[in-house]
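Working notes, beginning with the structure itself.
The values are calculated or read from the model by the stated rules, or taken from the named source; none is laboratory data. All values derive from a computational prediction rather than experimental measurement. Glycine also receives a Cβ, built like all others from the backbone with ideal geometry; neighbour counts cover every protein chain displayed. The protein model used for the area step is the full one, side chains on, heavy atoms only, and it has no ligands, DNA or RNA in it. Shrake-Rupley method; radii C 1.70, N 1.55, O 1.52, S 1.80 Å.
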Amino acid sequence: MTPFDAPSIRTPPPGPLSQEYLARQERYESNARTYPRYLPIAVRRAQGSYVEDVDGNVFLDFLAGAGVLSLGHNHPEVVAAVRAQLARYVHGLDFPTPVKDAFTAAQLGMLPPVLRDAMKVHFCGPTGANAVEAAIKLCKSATGRGDIIAFHGGFHGSTAGAMAVSGDVGVKQPVNNGLPGVHFLPYSYCRRCPLGLTPQECDTNCAAYFEHVLTSSQSGIPKPAAVILELVQGEGGVIPATPEFVRRVRKTTRDLDIPLIVDEVQTGCGRTGTWYAFERYGIEPDVIVASKALTGIGLPVALICYARALDGWAPGAHTGTFRGNQLAFAAGVAALEVIRRDDVLANVLARGAQLGAGLTALRECSPWVADVRGVGLMWGVELADPQTGAPAAALARAAQTAAFRAGLVVEVGGLDGCVVRLLPPLTVTATEIGQALAILTKVMSEPLVAGRAARV
Ligand code: PMP
């Protein structure tokens with residue numbers, strides 16, 4: 001395979017071959033398809049941080065399979081481990097196997113020592129949403145309670161239960177009668193404080209409100225089975241929860257004996273610079289949900305780690321045919337070896353600092369760059385009207401398109417879609433970050449974003 005080392009656009013995307021594939025996709029696949037609507041290419045191959053489309057264009061991939069490809073595309077050592085396993089044994093239900101055993105031990109070994117021996121693992125169907133469903137069921141069974149507390153702006157997946165605990169109203173509206181007993185409370189999104197406060201007036205009132213709701217005899221919400229929390233909301237617009245908010249949510253849930261589920265599907269496996277984001281906050285959750293980057297290169301697997309005291313499940317309480325993908329386990333073991341040997345977490349911190357500094361400088365390009373925030377290699381640039389503060393969703397989409405045409409793939413998320421999101425591979429190099437920043441600086445300085453013609 002040709003190693004790529006820079007974005008290169010030969011034919012403005014979508015090129016003629018991509019257009020053919022996209023037309024066929026439109027004819028055969030559902031209207032719910034997503035990414036190719038805004039990133040219109042058909043992909044031929046990929047390597048490391050780069051993707052090549054069928055027309056020969058090379059893109060720098062700062063979407064990285066929605067945060068899945070922590071080691072980039074097709075990491076050669078992980079691919080070799082998968083190939084070897086492919087010849088041995090592939091589909092394992094939930095039988096123990098040497099490679100599964102090694103994966104489980106390696107995963108538990110990544111937990112802080114205090115949790116390592118205090119938690120069990122359950123393998124779920126292979127997606128993040130499957131693991132969220134499992135976590136909710138586990139907590140309901142263990143507590144005998146039924147209600148769930150979730151937070152405004154959270155995203156936990158597209159299955160019925162996971163969607164029910166997610167914030168996005170648009171996807172719920174057409175699907176009536178979701179999971180009952182779900183209650184949403186404000187998250188510490190300080191830039192757009194749900195309580196209308198400014199940082200000067202605020203005393204982490206969202207945490208105080210959380211405490212009030214869970215302790216007041218008149219709050220209307222029975223003691224819940226669980227609280228589910230993203231420590232950095234990803235799809236919600238890259239919003240790191242404030243440390244005080246997280247500590248108080250943890251304290252209240254612990255005091256009241258309510259299991260705290262941290263959804264680390266996106267933040268986990270090194271994305272924020274620690275293996276799990278909860279380590280940064282100095283808390284210990286009761287349930288950890290993980291999926292996306294567990295294998296480094298995108299083989300599907302999902303799991304929950306949870307406090308042994310919650311293990312009141314009956315045999316077969318949460319089954320699923322695809323819980324034993326041995327290729328994923330082999331990849332996961334190999335990926336962890338690479339991550340340790342190459343000190344990938346140190347790269348996350350160093351490259352994250354570089355990316356954060358470069359993105360912060362974008363504020364000089366345009367008054368529409370309203371906020372730049374992130375942790376590790378999870379960053380967002382929020383665009384908003386400088387006069388009214390209204391979310392500039394169309395502008396974020398236009399910036400994504402302009403970056404794409406220049407050879408950089410980024411995602412859009414957040415309130416109404418006003419946040420340009422960056423999730424590069426955790427192995428991204430300083431040169432690649434430089435390439436991305438050069439493209440974004442140009443995009444944000446163009447009249448479209450810079451201000452003059454900004455009302456798209
Ligand atoms: N939780 C979080 C925090 C996520 O970001 C996602 C996916 N973006 C999910 C759950 C759902 O994962 P999946 O798409 O694999 O079901």
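Applying 1/(1 + (r/R0)^6) with R0 = 45 Å to the Cβ-Cβ distance of Gln25 and Ser217 gives a FRET efficiency near 0.25.
Note on the range 383-456: Kirkwood radius taken over Cα pairs, Stokes-Einstein applied at 20 °C and 1.002 mPa s, translational D equal to 168 µm² s⁻¹. Close amide-amide hydrogen proximity is noted between Ser188 and Thr242, each under 5 Å apart and 5 or more residues distant or on a separate chain (H modeled in the peptide plane; Pro and chain starts excluded). At R0 = 22 Å, how high is the FRET efficiency between Leu197 and Glu446 if r is their beta carbon distance? Nearest 0.05 is fine. The pair Leu197/Glu446 has a calculated efficiency of 0.05. For the chain, the per residue solvent-accessible surface stands at 41 Å², with DNA, RNA and ligands left out and a 1.4 Å probe.
Just so you know, the Cα atoms of the range 230-314 work out to an Rg and Dmax of 13.3, 40 Å. Here the convex hull built on the C-alpha positions of the chain has a volume of 153 cubic angstrom per residue.
Just the number: Rg to Rh for the range 8-165, Cα atoms, Kirkwood Rh, two decimals.
1.04
Sites listed here are trypsin sites (Lys or Arg not before Pro) in the range 1-62 whose DSSP assignment is loop and whose Cβ has at most 16 other Cβ atoms within 10 Å: Arg10, Arg33. Each residue of the range 247-263 was assigned a 3J(HN,Hα) from its phi angle through the Karplus expression (A = 6.51, B = -1.76, C = 1.60, θ = phi - 60°), giving 4, 6, 4, 5, 4, 5, 5, 5, 4, 9, 6, 10, x, 9, 9, 9, 8 Hz with x at Gly and Pro.
Between Thr159 and Leu108, the FRET efficiency from the beta-carbon distance, with R0 = 30 Å, is close to 0.70.
Ordered from longest to shortest, the equivalent ellipsoid semi-axes for the range 114-270 are 23, 19, 18 Å, each the square root of 5 times a Cα gyration tensor eigenvalue.
A simple rule links phi to the HN-Hα coupling: the Karplus curve 6.51 cos²θ - 1.76 cosθ + 1.60 with θ = phi - 60°, which for the range 284-301 gives 10, x, 8, 9, 10, 10, 9, 7, 2, 9, 4, 10, x, 10, x, 7, x, 6 Hz, with x for Gly and Pro. So how many Å³ per residue does the convex hull of the Cα atoms of the range 362-403 work out to? Hull volume over Cα atoms, normalised by residue count, gives 77 Å³. For trypsin sites (Lys or Arg not before Pro), the sites in the range 373-456 that DSSP calls loop and that have at most 11 other Cβ atoms within 10 Å are Arg452, Arg455.
The share of accessible area on the range 326-387 that comes from carbon and sulfur is 53 percent, using a 1.4 angstrom probe. Distances between placed amide hydrogens fall under 5 Å for Asp385 paired with Ala390, Ala392, all partners being 5 or more residues away or on another chain.
Sequence-ordered 3J(HN,Hα) estimates for the range 180-185 from the Karplus curve with 6.51, -1.76 and 1.60 and θ = phi - 60° stand at x, x, 9, 10, 9, 10 Hz, glycine and proline given as x.
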